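So the structure is just underneath, and the comments pick up after that.
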Amino acid sequence: MTILVLGATGATGRHLTRYLLGQGHIVKAIVRSVGRLDADLVDDPNLRVIEASVLDLSDSELTEIVRGCSAIASCLGHTMSFRGVYGPPRKLVTDVAKRMCKAIGSVGSGDPIKYVLMNTTGNSNRDINESISFAQQCVLGLLRLVLPPHVDNEQAADFLRIEIGRDNRDIEWVVVRPDTLVDHDSASPFEVYPSPTRSALFDPGKTSRINVGQFMGQLIEDEILWSEWKGRMPVIYNAVS
């Protein structure tokens, strides 16, 4: 299986890339700098690196990159710095999702291509009217005004939910929502739910980045797991012992 990973040099994307390569898949990775990839990944014969900024690639270039892929996994996010939060591109995650889905449509492979988007529990799944406290609604409203990355995450998920939908013949999708991300050296048991089981703002759980990468990889390669979650927005937490 060939999978395109976006954000392979990021804190979560590198775990997903390592997992997929470890499972014997071919991984295409669009990265701005090869030097930011982990050395052991660069040396893997199944890794195909495209050194570029995703949004700088032409439509025809993206179509050729997507051609032959069974899935696209986006671990893109905004750098937590002033420029990363408030500078361009403000809608990185959304704009890339739109361009990638356009490329998938241009390929027209006949079989749907999977799009797995890493998102956040701070973004509600409005398809199922998740319950949110009034206090959390107020804080989220403020975040929409002052933190462009939060709006970007919401709009990217809404694009898949509303514009791509569940009956698209070319694209199937899952939006993975981890809670507060933490760094662990190894994978551990985790739990997956259709909706948050705790408040993302006032009672957050923890999710290790390596667990997120593993779950995204399992979604891509396990058809039973994919059938369970496609068109949905699962929430993932580290299991509490």
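If I ask for residues that are modelled with pLDDT of 95 or more and either in contact with a Ser or Thr (Cβ under 7 Å, 6 or more places away or on another chain) or not aliphatic (A, V, I, L, M) (or both), which ones from the stretch 20-34 would you list?
Hits for the stretch 20-34 are G22, Q23, G24, H25, I26, V27, K28, A29.
Out of R232, R169, report the one residue that is more than 19 Å from L6 (Cα to Cα), of a type in the set (D, E, K, R), out of contact with any helix residue (DSSP H, G or I) (no Cβ under 9 Å at 6 or more places or on another chain) and surrounded by fewer than 14 Cβ atoms within 10 Å (Cβ to Cβ). It would help to see each step written out before you state the result.
Values: R232 fails: surrounded by fewer than 14 Cβ atoms within 10 Å (Cβ to Cβ).
Criteria check complete, one pass: R169.
Just to be sure I understand, how many residues within the stretch 198-241 are among the polar types (S, T, N, Q), in contact (Cβ under 8 Å) with a residue 40 or more places away in the chain and not in a loop (DSSP other than H, G, I, E, B)?
Here the count works out to 2.
Within the stretch 169-186, work out how many residues are free of Cβ contacts under 8 Å to residues at least 60 places away in the same chain and either under 18 Å from V96 (Cα atoms) or within 18 Å of the chain's Cα centre (by Cα) (or both).
Adding up the residues that qualify gives 6.
Can you tell me which residues in the stretch 188-211 are closer than 21 Å to L16 by Cα and either in contact with a Leu (Cβ under 7 Å, 6 or more places away or on another chain) or surrounded by fewer than 14 Cβ atoms within 10 Å (Cβ to Cβ) (or both)?
Answer for the stretch 188-211, where residues must be closer than 21 Å to L16 by Cα and either in contact with a Leu (Cβ under 7 Å, 6 or more places away or on another chain) or surrounded by fewer than 14 Cβ atoms within 10 Å (Cβ to Cβ) (or both): S188, P189, Y193, T207, R209.
Would you point out the residue of the stretch 178-188, among those that are in contact with a helix residue (DSSP H, G or I) (Cβ under 8 Å, 6 or more places away or on another chain) and assigned to a strand (DSSP E or B), that is nearest to D95 (Cα to Cα)? Talk me through it step by step, then tell me what you get.
So in the stretch 178-188, the residues in contact with a helix residue (DSSP H, G or I) (Cβ under 8 Å, 6 or more places away or on another chain) come out as 178, 181-188.
Add one more test, that the residue is assigned to a strand (DSSP E or B), and what stays is 178, 181-182.
Numbers: P178: 21, L181: 23, V182: 26 Å.
Among them, the one singled out is P178.
Of all residues in the stretch 9-19, how many are in contact with an Asp or Glu (Cβ under 8 Å, 6 or more places away or on another chain) and aliphatic (A, V, I, L, M)? Step through it out loud before you land on a result.
Taking the stretch 9-19 first, the residues in contact with an Asp or Glu (Cβ under 8 Å, 6 or more places away or on another chain) are 11, 14, 18.
Next cut, aliphatic (A, V, I, L, M) only: 11.
Residues meeting the conditions: 1.
Between a first residue in the stretch 130-145 that is under 23 Å from P234 (Cβ atoms) and a second residue that is at pLDDT 70 or above and among the polar types (S, T, N, Q), which pairs have beta carbons less than 7 Å apart while being 6 or more apart in sequence or on different chains?
Note: pairs meeting the criteria are E130/S124; E130/S195; I132/S124; S133/S199; Q136/S199.
Could you tell me which of the residues L201, L140, L160, L145 is modelled with pLDDT of 90 or more and hydrophobic (A, V, I, L, M, F, W, C)? Talk me through it step by step, then tell me what you get.
On the way: L201 fails: modelled with pLDDT of 90 or more; L140 fails: modelled with pLDDT of 90 or more; L145 fails: modelled with pLDDT of 90 or more.
Answer to the selection: L160.
Looking at L76, L37, which is the one that is at pLDDT below 95, surrounded by 15 or more Cβ atoms within 10 Å (Cβ to Cβ), of a type in the set (A, V, I, L, M, F, W, C) and within 14 Å of the chain's Cα centre (by Cα)? Quick ask: steps written out before the conclusion?
Working: L37 fails: within 14 Å of the chain's Cα centre (by Cα).
Testing whether each residue is at pLDDT below 95, surrounded by 15 or more Cβ atoms within 10 Å (Cβ to Cβ), of a type in the set (A, V, I, L, M, F, W, C) and within 14 Å of the chain's Cα centre (by Cα) leaves just L76.
Quick check on the stretch 108-133: of everything there that is under 18 Å from E64 (Cβ atoms) and modelled with pLDDT of 90 or more, which residue is surrounded by the fewest Cβ atoms within 10 Å (Cβ to Cβ)?
Checking each candidate, the answer is I113.
Working only within the stretch 156-177, note down all residues that are in a helix (DSSP H, G or I) and under 18 Å from I72 (Cα atoms).
Scanning the stretch 156-177 gives A156, A157, D158, F159, L160, R161, E163, I164.
The values are calculated or read from the model by the stated rules, or taken from the named source; none is laboratory data. Quick caveat: nothing in here was measured; it's all calculated off a predicted structure. Don't worry about glycine lacking a Cβ; one is built from the backbone with ideal geometry, like all the others, and counts go over all protein chains shown.
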